[in-house]
Amino acid sequence: MTASINLQDVTRRFGAIEAVRAVSLALPPGETVALVGHNGAGKTTLMKLMLGLIHPTAGTVQVLGENPAAGQFAARRRLGYLPESVAFNTALTARETLAFYARLKREPVARMGDLLDRVGLGAAADRRVGTYSKGMRQRLGLAQALIGAPAVMLLDEPTTGLDPALRHSFYEIIQELRDRGATVLLSSHALTELEERAERVIIMNRGIMVANGSVDDLRRIACLPVRIRIAAPADSLAAIPEWVGPIGTCRRINGHVVEVQVGLEQKIEVLKRSVAHGTVDDLDIVPPTLDDLYAHFLMSQEMPA
Amino acid sequence: MRNILIVAGKEIQEGLRNRWVLATTLLLAGLALSLTFLGSAPTGNVGVRALDVVIVSLSSLTIFLLPLIALLISHDAIVGEMERGTMLLMLSYPIGRWQVMLGKFVGHVAILAFATVLGYGAAALALALTGAVVDAASWLAFASMIGSSILLGAIFIAIGYLVSALARDRGTAAGLAIGIWLLFVLIYDMALLGLLVVDQGKIISGGALNALLLLNPTDAYRLFNLTGFASVSTFAGMAGLAGTAGLGPRVLLATLAAWVFLPLALATFAFSRREL
């Protein structure tokens with residue numbers, strides 16, 4: 001299977017700043033990839049490189065088998081892009097705006113009405129974009145990225161400014177695209193949201209790719225402890241550190257909950273002991289979240305072991 | 001080619017929606033009509049040559065107004081879209097930067113041409129309706145005045161793009177545009193006049209003067225309209241100059257065309273090298 005997006009040792013400098021440093025990655029079709037990093041970590045630069053809007057200082061970029069910066073536009077017709085804080089000409093209506101972009105992609109303008117319905121702008125299609133709220137502009141941005149059933153979608157912070165209901169329908173659309181075999185790359189700060197949706201997570205920090213793998217892979221690599229919250233009657237709470245003490249560290253959350261941090265492989269042992277002691281009211285297992293993983297990979301880069 | 005037309009179509013659509021087209025047409029028509037009727041009053045009963053007088057006053061108006069309108073439309077075209085973020089999205093589509101530039105150019109020139117033809121045409125029509133007799137030579141001079149006015153507008157649109165492609169932000173572009181307008185429309189001629197007075201014909205030859213006139217597109221435009229047609233030049237007070245200028249209409253037109261092409265080519269080059 002050939003990758004939709006292929007980066008080989010890509011470096012991009014802006015003056016003295018290295019926005020992207022020696023990044024290599026290959027994204028296959030039908031995969032949703034989360035691109036995670038602080039502001040200025042190089043996420044937007046990576047996307048611009050994939051779009052061919054900027055040239056790499058070193059290395060090669062291939063998107064759908066083509067160098068996007070070479071001036072050949074066949075690949076761009078099958079590519080959808082939603083920039084961070086998307087902007088449109090405020091004087092035109094949503095329908096006119098989409099018609100313009102559809103023409104540039106040589107897609108039938110007549111189909112744009114359906115697309116507007118799909119992102120929930122059907123009723124406002126003939127209003128000027130200038131009267132739109134931030135959320136509505138974001139929907140229009142998504143609509144233009146969806147023109148022509150793209151094989152590659154690059155979405156830069158797509159869910160900022162969307163309300164929860166809209167986020168949900170947004171991820172449904174992403175799901176559909178992926179099922180059709182599109183590669184979806186989305187950057188976001190809302191990490192917990194991406195956790196269940198992305199097959200792969202790429203973590204960037206100061207231009208360097210510090211992690212690239214599935215959430216489970218990253219969990220294994222990071223060896224982050226699992227947190228187990230044990231609720232028990234107040235009088236037996238004090239005893240908990242004694243029987244889990246040798247395994248993990250305990251922390252009292254409140255009057256009847258203790259949180260125990262243990263390694264992944266000792267999780268079952270703690271469960272066994274809780275059952276054996278019998279004084280446990282309730283028990284929650286919290287695996288490390290994407291947030292924890294993210295923090296871990298950033299830390300491990302700052303302080304190389 | 002199709003991409004160019006798509007972008008041009010969008011620019012025209014925006015121009016119509018922003019009332020740019022309407023405002024420009026009304027402004028040009030209003031000024032042209034008032035010049036036609038008020039401007040001919042001092043000459044008394046002008047009779048047969050009424051349109052020639054209009055050509056003289058309209059071309060003077062054009063030199064001030066059209067470059068200003070053209071720069072107003074164009075100085076924002078690149079840097080403004082970049083600042084607003086709309087350029088980033090457009091360039092992620094299958095379209096080249098030179099196509100964006102040429103598309104905008106076609107669209108903006110079309111807007112300006114529409115306004116000029118309609119605005120100045122209204123003046124000529126009103127004159128014809130009042131019963132003034134206009135001969136074929138005058139119509140030809142009027143038509144070439146409209147044509148060269150559009151060309152002058154195109155020149156300043158191209159210059160505006162160059163400014164827009166080079167400027168770091170919109171404010172700088174606007175300032176530069178105003179500076180360029182002042183330079184070409186006011187300062188250049190005053191400086192040239194001062195130079196000639198000081199020089200007293202010692203160093204600056206006729207050839208050098210011609211070259212200096214061609215270096216300013218508004219001067220080339222003025223010469224083209226005021227000396228190109230015998231009937232007009234008598235009213236313009238340029239009859240003497242017309243004989244000695246040594247710059248035929250072909251040279252002047254070629255100069256005007258070069259003034260469109262060069263800034264546009266430079267602007268396209270600057271835009272293609274610009275980082276987003």
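The values are calculated or read from the model by the stated rules, or taken from the named source; none is laboratory data. Keep in mind that what you see is a predicted model, and the values were worked out from it rather than measured. Virtual Cβ from ideal backbone geometry, glycine too; neighbours counted across all protein chains shown. Ligands, DNA and RNA are stripped out before the accessible areas are found, and what is left, the full protein with its side chains, is counted by its heavy atoms. Shrake-Rupley method; radii C 1.70, N 1.55, O 1.52, S 1.80 Å.
For A:Glu265, the conditions (1) surrounded by 16 or more Cβ atoms within 10 Å (Cβ to Cβ); (2) free of Cβ contacts under 8 Å to residues at least 24 places away in the same chain; (3) not small (Gly, Ala, Ser) all hold with the exception of (1). Within region B:102-135, being part of a loop (DSSP other than H, G, I, E, B) and in contact (Cβ under 8 Å) with a residue 24 or more places away in the chain holds for B:Ala132, B:Val133, B:Val134, B:Asp135. Taken over region A:76-131, the criterion of being of a type outside the set (Val, Ile, Thr), touching a strand residue (DSSP E or B) at 6+ places or on another chain (Cβ under 7 Å), assigned to a loop (DSSP other than H, G, I, E, B) and open to solvent by 20 Å² or more (accessible area, probe 1.4 Å) is satisfied by A:Glu84, A:Asp126, A:Arg127.
Note on region A:132-151: residues that are part of a helix (DSSP H, G or I), crowded, with 19+ Cβ neighbours inside 10 Å and not charged (D, E, K, R) total 8. Taking region B:98-117 as the range and being farther than 22 Å from A:Leu51 by Cβ and surrounded by fewer than 20 Cβ atoms within 10 Å (Cβ to Cβ) as the test, the residues that pass are B:Val106, B:Ala110, B:Ala113, B:Phe114, B:Val117. For A:His168, the conditions (1) part of a helix (DSSP H, G or I); (2) under 14 Å from the mean Cα position of the chain (by Cα) all hold with the exception of (2). Exactly one residue out of B:Ile69, B:Ile55 is part of a helix (DSSP H, G or I), at pLDDT 90 or above, open to solvent by less than 30 Å² (accessible area, probe 1.4 Å) and aliphatic (A, V, I, L, M), and it is B:Ile69. Among the residues making up region A:204-222, those that are among the hydrophobic types (A, V, I, L, M, F, W, C) and open to solvent by 20 Å² or more (accessible area, probe 1.4 Å) are A:Ile208, A:Met209, A:Val210, A:Ile221. Tell me, which residue of region B:1-50 that is open to solvent by 40 Å² or more (accessible area, probe 1.4 Å) and charged (D, E, K, R) is modelled with the lowest pLDDT? Step by step, filter region B:1-50, then rank; the result is B:Arg49. Only helices (runs of 4 or more DSSP H) whose full extent lies in region A:190-248 are considered here, and the ones with at least 1 residues that are of a type in the set (S, T, N, Q) and modelled with pLDDT under 80 are A:191-195, A:234-237. If you go through region A:1-29 and keep only what is surrounded by fewer than 17 Cβ atoms within 10 Å (Cβ to Cβ), assigned to a loop (DSSP other than H, G, I, E, B) and away from chain B (no Cβ under 14 Å), you end up with A:Met1, A:Thr2, A:Ala16, A:Pro28.
In region A:46-75, the qualifying residues are those that are free of Cβ contacts under 8 Å to residues at least 24 places away in the same chain, facing chain B (nearest Cβ under 9 Å) and under 16 Å from B:Leu276 (Cβ atoms), and the one that is surrounded by the most Cβ atoms within 10 Å (Cβ to Cβ) is A:Lys48.
Within region B:170-189, can you find the residues that are open to solvent by less than 60 Å² (accessible area, probe 1.4 Å) and more than 20 Å from the chain's Cα centre (by Cα)?
Passing the criteria: only B:Gly171.
Select from region B:72-92 the residues that are within 9 Å of chain A (Cβ to nearest Cβ) and not in a helix (DSSP H, G or I) and write down the one among them that is most open to solvent (accessible area, probe 1.4 Å). Among them, the one singled out is B:Gly85.
Cβ contacts < 9 Å: first residue within 14 Å of B:Ile12 (Cβ to Cβ) and at the interface with another protein chain (Cβ under 7 Å from one of its Cβ atoms), restricted to region A:86-105; second residue of a type in the set (A, V, I, L, M) and part of a loop (DSSP other than H, G, I, E, B), any location; separation 6+ or different chain. Result? Short answer, once both residue conditions are applied: A:Phe100/A:Leu92.
For B:Leu192, the criteria (1) closer than 24 Å to B:Ala257 by Cβ; (2) at pLDDT below 95; (3) open to solvent by less than 10 Å² (accessible area, probe 1.4 Å) hold in every case but one, which is (3).
Within region A:154-165, the residues that satisfy the criterion of being open to solvent by less than 30 Å² (accessible area, probe 1.4 Å) and either touching a helix residue (DSSP H, G or I) at 6+ places or on another chain (Cβ under 6 Å) or in a helix (DSSP H, G or I) (or both) are A:Leu154, A:Asp156, A:Thr159, A:Leu162. If you check B:Ile95 against the conditions, is it under 30 Å from B:Ile4 (Cβ atoms), open to solvent by 10 Å² or more (accessible area, probe 1.4 Å) and out of contact with any Pro (no Cβ under 9 Å at 6 or more places or on another chain)? Judged against the criteria, B:Ile95 is not a match.
Scanning region A:177-190 for residues that are more than 15 Å from A:Ser4 (Cβ to Cβ) and open to solvent by less than 10 Å² (accessible area, probe 1.4 Å) gives A:Ser187, A:Ser188.
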